[in-house]
1. Given the structure, is residue 522 under 40 Å from the mean Cα position of the chain (by Cα), assigned by TED's automatic domain parsing to the domain that holds residue 440 and at pLDDT 90 or above?
2. From the list 356, 372, 388, 384, exactly one residue is surrounded by 18 or more Cβ atoms within 10 Å (Cβ to Cβ), modelled with pLDDT of 95 or more and at negative phi. Which is it?
3. Of all residues in region 456-471, which are modelled with pLDDT of 80 or more and either away from ligand 3 (no atom under 16 Å from the Cβ) or surrounded by fewer than 20 Cβ atoms within 10 Å (Cβ to Cβ) (or both)?
4. Mind listing whichever residues of region 471-484 are farther than 14 Å from residue 454 by Cβ and touching a residue at least 24 places away in the same chain (Cβ under 8 Å)?
5. If I filter region 479-498 down to residues being more than 13 Å from ligand 3 (Cβ to nearest atom) and buried (at least 20 other Cβ atoms within 10 Å of the Cβ), which single residue comes out as farthest from residue 468 (Cα to Cα)?
Ligand code: C2E
Ligand code: CA
Ligand code: CA
């Protein structure tokens, strides 16, 4: 292999060697995979890529390693995919031969590219900061736009003005549960992580892509883009560069506002990106949210729910409704499901669809669920005390928090407190794609004596898989399954066989969302006798349910 330094470059290198004699200069010919050390004696005899050597040599201080890794991957990306930059630079702490300890240096790379923009040659230099430079650098940094929102806003406005024909996006991101990082690893590590974000963004973003740390762990980037896919790729690139600092686990959440009105203040675009970020928070499946105009009302709704919820619990605004479960053959009531309602002082009766998702995100669902469980136990006690033949009540358990509290012992305490037969309290858990750990918990609850119902069976996820591994007692066939499959003869066959198969493996069946006599008859013919749905009754307040119970079942 014969090495060469590109002729186009030689004059420039000689010039740089002269005027920057303190620096360590080296040159890497990517095409030939050959390395030349031009000054200093940082490298022993090595061939190939000098960055590989540096990465493994121990010459780079531990703290600087993640930033160095981002620098290397940026260069690698430029070699493979081309780049629109002529140079890249970063600050790293490195042990130069003439010093006994690590020293803050500027690592700088100048690129030579082929006609496709791919890097063919790189001239690197590493220059230690003098004490005065070191001082200036820290002082100057606080005036740079990455830490100065005012300067940043000016740069954003310039991007909008200078690119009248390009799409422009404001991207805001933060670390999900950043507080947890500070608590787990210490505030210093949290600060180091944010410094790493700043350093990495300085590498990834071009002059035309200003970025800024706005507050604590919230960052904003402004960029032009061609297509939405291209924009998402850019965000994914940032994500991959910023994640995995020293092997730590954390998740970034992005909100994006695409500039439609170029005349409004940059702050508006920033606020919109912020809104999109806040609304996507807590979403397990997505971490990029795009702003849309209805988000403001959505967030206001969410915030008003969060403002009111604690007071609501104290003021007894949450109430338990009961929806009867019937035997199709006899018409008798064979049980009930407890469903939460919010009797809001100004909004009236609010349905769970409006507040349960918010509570599931912010954890308040634990409190609400415990409240409803207690109401259900108290109701059973009241029936027994009133000499009414009790029917089992099933309560819902949110699977999001099934791991965070000891559900089994909480429920056992309630059964003990109200002194009710455990067989009268049944538990509904939804099937889901993520059955992680649920199997164990279901087994434990079953062992404690509770009857376990698999809610929403057939509503989408791997129902059959769950059946195989998790020991439920009862399947609740979802309304959507019933509606969809009853439409065709093929579908009806599937329902019929699902019912007989479940019974074969020892599971009871109940159908929910039964709205017509036709549906009830069909279910009965298939061998399913238990049904819940509007055909029989909507969920109703407990006193109404009690009347109905006595009317139908007798006392
Ligand atoms: P779910 O557990 O699947 O509850 C059944 C839902 O179907 C109830 O809606 C019920 O009113 C509705 N429904 C019953 N029969 C029919 C019918 O024939 N037609 C139609 N169209 N709908 C019917 P609801 O009460 O609005 O509750 C919605 C969801 O909110 C529940 O779905 C459950 O996932 C959740 N939820 C309600 N209360 C609680 C609670 O106390 N804790 C928890 N964790 N979740 C709850
Ligand atoms: Ca349910
Ligand atoms: Ca259900």
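1. Working: under 40 Å from the mean Cα position of the chain (by Cα): no; assigned by TED's automatic domain parsing to the domain that holds residue 440: yes; at pLDDT 90 or above: yes.
Judged against the criteria, residue 522 is not a match.
2. Working: 356 fails: modelled with pLDDT of 95 or more; 388 fails: surrounded by 18 or more Cβ atoms within 10 Å (Cβ to Cβ); 384 fails: surrounded by 18 or more Cβ atoms within 10 Å (Cβ to Cβ).
Going through 356, 372, 388, 384 in turn, just one is surrounded by 18 or more Cβ atoms within 10 Å (Cβ to Cβ), modelled with pLDDT of 95 or more and at negative phi: 372.
3. As a first pass, look at region 456-471 and keep what is modelled with pLDDT of 80 or more: 456-458, 471.
Listed by number, the list holds a single entry, 471.
4. Kept after step one, since they are farther than 14 Å from residue 454 by Cβ, are these residues of region 471-484: 479-480, 482-484.
479, 480, 482, 483, listed by residue number.
5. 495
Condition check ((1) away from ligand 3 (no atom under 16 Å from the Cβ); (2) farther than 22 Å from residue 317 by Cβ; (3) in a loop (DSSP other than H, G, I, E, B); (4) touching a helix residue (DSSP H, G or I) at 6+ places or on another chain (Cβ under 8 Å)) across all residues:
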site	(1), (2), (3), (4)
372	no, no, no, no
378	yes, no, no, yes
387	yes, yes, yes, no
412	yes, yes, no, yes
416	yes, yes, no, no
454	no, yes, no, yes
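Residue-by-condition table, conditions (1) in contact with a strand residue (DSSP E or B) (Cβ under 7 Å, 6 or more places away or on another chain); (2) surrounded by 15 or more Cβ atoms within 10 Å (Cβ to Cβ):
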residue: 52; (1), (2): no, no
residue: 55; (1), (2): no, yes
residue: 62; (1), (2): no, no
residue: 124; (1), (2): yes, yes
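Yes or no, residue by residue, for (1) within 16 Å of ligand 3 (Cβ to nearest atom); (2) free of Cβ contacts under 8 Å to residues at least 40 places away in the same chain; (3) in contact with a helix residue (DSSP H, G or I) (Cβ under 9 Å, 6 or more places away or on another chain); (4) under 22 Å from residue 532 (Cβ atoms):
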residue: 308; (1), (2), (3), (4): no, yes, no, no
residue: 325; (1), (2), (3), (4): yes, no, no, yes
residue: 332; (1), (2), (3), (4): no, no, yes, yes
residue: 342; (1), (2), (3), (4): no, yes, yes, yes
residue: 351; (1), (2), (3), (4): yes, yes, no, yes
residue: 361; (1), (2), (3), (4): no, no, yes, no
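The values are calculated or read from the model by the stated rules, or taken from the named source; none is laboratory data. Here the structure is a predicted model, which means the values were calculated and not measured. Here the Cβ is made from the backbone with ideal geometry for all residues, glycine too, and neighbour counts use every protein chain on show.
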